Amino acid sequence: MAGTGLTQTFTGTQTDGKKGTLSWWMKRTKLGEAQQLGMCCNDAGGTAGAYFDTSDRFLWYGAYDGSWDWFRTDRLFRDMSAWYHIVVNWDTTLVSAGDRMQLWVNGLRETQFEARQEPAQDVVLEFGTAIAHYFNVWSSGSYFDGLMSYYYFIDGTAYDPDTFGEFDATDGIWKIKTTPTVTFGNQGFLILKDGNTITDQSPNSHDWTLASGTLLSTKDSPSNNFPSWNAQWYIPTHPPAFKNINNEFTMPGNTSVVWGTSTLGAEGGKWYAEFQIDKNDGRTILSISQFGQYLSQAFADNSSPASFDNSVGYKTYNGDMIIGPSSTTSSYGNALADAEILGMAWDMDNKRIYFSINGVWQNSADPSAGSGYFDYSALTGGGPWGVLIGDESGSYNDEWMANWGNGYFGTTAVSSANADGAGIGAFEYAVPTGFYALCTKNIYNYGG
């Protein structure tokens, strides 16, 4: 949602400005800059809202009748691979000042703050009053960069997070409740329920207006997390330029090898993803590799994507396969041309990998039948494996876009929207039988 902002001016009156709740799920895609989070308001009478500062701390601010009430966490919010659930609730009628405004993250109350100032008793917040309200932007700047889903404003009731989520009985992970029972109050609303719906899903019809940017639908959600390129894992001296919720990056054009790695990996199972190249003038290798020490070695050595232990990849500039650590090369397919789509299917159970160009499987392969594969059974390392990409050598500015099943290359939607056998994902070409989109729901069900 980089550069995307919403606006609204409410009509009607608050149920109770002394009590309320904000609840939302979000996934960050950029760090180190001020970013407004969800709804905020501002006029001569008061301001209120939440944001990340340039140190990636969470701040809540509110100025009412000349007093300034706020808190700032000492913890940092730098995980760009998973969804956060945030709840801010307030009841300024309470006698205990420390309980009047509370912050909850993934079901747990935050109690450690770098700074905190409690609101005065019976202070009224101006959320829902007839003043200008903004969403994910402060007037015309400080845009939130990432994904946001299931954004609730509750007018008149301070709900705890267990209204909106719960800890899974099996693995203890905090997970979303998609149909909670709540009383919205006069000015409450629910937007972004389906990722990009700014029409209010509550009975109140408090729809928002798109003021800037665009809203794109995505399969990535709090109940099913998809990977992206990892914007925290690259050679520090030569960072790629990431954009479009980190599913697109541009190599920086220097003589060093640079990297893009997936934020998710798996220890077993069969997976499928699609990749598209623009400005194709480099010597790029698209690979899978064991995460952990081998990938760390690659960053330390600034080495080629398939010249170290436990990596196997496709040389996009000539169609050869290469396997590490020996860098042994084998003829396999064709070179990838600019704007063509490279499909990759990898079978971790049998250690076979396949590649297609615009839906045509190279080496006359048929992943559904298990034929025409490249065998990487010589690689014996355990642990999770993920996707990585980099230049073999040289100085290039290739742009790479990944479709992990979200249905987009950059901001361009796929035309055919093929799902996998579990009904998940939107791919340009048909997903081979038995292969699945790499996402948390499929990893749980099929990841071995």
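The values are calculated or read from the model by the stated rules, or taken from the named source; none is laboratory data. Here the structure is a predicted model, which means the values were calculated and not measured. Methodologically, a virtual Cβ is constructed for each residue, glycine included, from the backbone with ideal geometry; neighbour enumeration extends over all protein chains shown. Side chains included, ligands, DNA and RNA excluded: accessible areas come from the protein's heavy atoms. Shrake-Rupley method; radii C 1.70, N 1.55, O 1.52, S 1.80 Å.
Anisotropy class assigned to the range 130-214 is oblate, per the alpha carbon gyration tensor with a/c at or over the 1.5 cut-off and a/b no larger than b/c. Shown are TYR354, TYR143, whose ranking by accessible area with a 1.4 Å probe and every protein chain present, most to least, is TYR143, TYR354. Altogether, the Stokes-Einstein calculation at 4 °C and 1.567 mPa s, with the Kirkwood radius of the range 98-139 over Cα pairs as Rh, returns a diffusion coefficient of 98 µm²/s. Contact order, relative form, for the chain: 15 percent (alpha carbon pairs under 8 Å, 6 or more residues apart, mean separation divided by residue count).
Only Lys, Arg, Asp and Glu count, each charged at its Cβ (+1, +1, -1, -1), so figure out the dipole size of the range 141-278 about its Cα centre, rounded to 20 debye. Once rounded to the nearest 20, the dipole reads 240 debye.
Pairs from the list LYS219/LYS351; LYS177/LYS441; LYS175/LYS219; LYS177/LYS270; LYS219/LYS270; LYS18/LYS177 with a Cα-Cα gap above 24 Å: LYS219/LYS351; LYS177/LYS270; LYS18/LYS177.
Report the local net charge at ALA158: Lys and Arg +1, Asp and Glu -1, summed over other residues whose C-beta lies under 12 Å from its C-beta. Every neighbour counted, the sum reads -2.
Given a 1.4 Å probe and the protein chains as shown, ARG116 ends up with an accessible area of around 70 Å².
Charge tally around SER221: other residues with Cβ under 14 Å, Lys/Arg +1 each, Asp/Glu -1 each, net +4. Working note: Cα gyration tensor of the chain, eigenvalues times five, square-rooted, sorted largest first, giving semi-axes of 45, 21, 20 Å. For the pair THR7 and ASP278, the difference between a 0.36 nm per residue extended length and the Cα-Cα distance amounts to 94.1 nm. Taking all protein chains as shown and a probe of 1.4 angstrom, LEU22 keeps an accessible surface of around 0 Å². When a/c reaches 1.5 or more, the comparison of a/b and b/c decides; with that in mind, is the range 319-371 rounded, prolate or oblate per its Cα gyration tensor? Oblate.
For SER217 and LYS441, the FRET efficiency from 1/(1 + (r/R0)^6), where r spans their Cβ atoms and R0 equals 25 Å, is about 0.90. Here LYS243 sits with roughly 100 square angstrom of accessible surface, probe radius 1.4 Å. Convex hull volume per residue, computed on the Cα atoms of the range 359-448, equals 156 Å³.
The Cβ shell under 13 Å around LEU6 holds other residues with a net charge of -2, Lys and Arg each +1, Asp and Glu each -1.
Short-range pairs are left out: with C-alpha atoms under 8 Å and at least six residues apart, the relative contact order of the range 341-448 is 17 percent. What the Cα convex hull of the range 92-178 gives, in volume per residue, is 164 Å³. Assuming a ≥ b ≥ c are the square roots of the Cα gyration tensor eigenvalues, decide whether the range 56-206 counts as rounded (a/c under 1.5), prolate (otherwise, with a/b larger than b/c) or oblate. Cα axes put the range 56-206 in the rounded bin.
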